[in-house]
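Following: one structure in structure tokens, then a few remarks.
All of the numbers you see were taken from the coordinates with simple rules; none came from a lab. None of these values were measured; they are calculated from a predicted model. All Cβ positions, even for glycine, are placed from backbone atoms using ideal geometry, and neighbour counts span all protein chains on display.
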Amino acid sequence: MRLTTAFLPIALFALSPLFASAQDGSISGAMSSPQAAGYSCDPSKCKLPDCNCASTNPPGGIKPSDTPQFIVFTADDAIQSYTLDSVNQFLANRKNPNGCTPKMTYFTSLNYTNYTLVTGVDD
């Protein structure tokens, strides 16, 4: 038993270069390509309306300057008066280019939620 206990620190010390090289944080290979993302798409097989390969070009020949931008705003905390106040202040003076107010989705947690406020959130 003593031999095993004495041997363990020596074994760990001997193996430490292996651990260090596995955790060195270096990056190798492509980092900003479809191959790096594990993405591949064959445009000759992927055709609308069932399929569309990812692209930096807007669909349908729309100019990038005329392409609408879709922004998602979500929250995922308990609904309390202070969280609703924060969300309402954030959205209060914002308008979409068409004049509509932005909408959001609120994913609430069970803990600490004031359920009397939940029923009035969509008002």
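Some observations on this one:
- Spin-label pair Gln80/Ser40, simplified geometry with 7 Å Cα→Cβ offset, distance in nm: 5.1 nm
- Per-pair calculated FRET efficiency, R0 = 25 Å: Asn93 and Thr119 via Cβ, rounded to 0.05: 0.45
- Simple spin-label estimate for Lys47 and Phe73 in nanometres, 7 Å along Cα-Cβ: 4.2 nm
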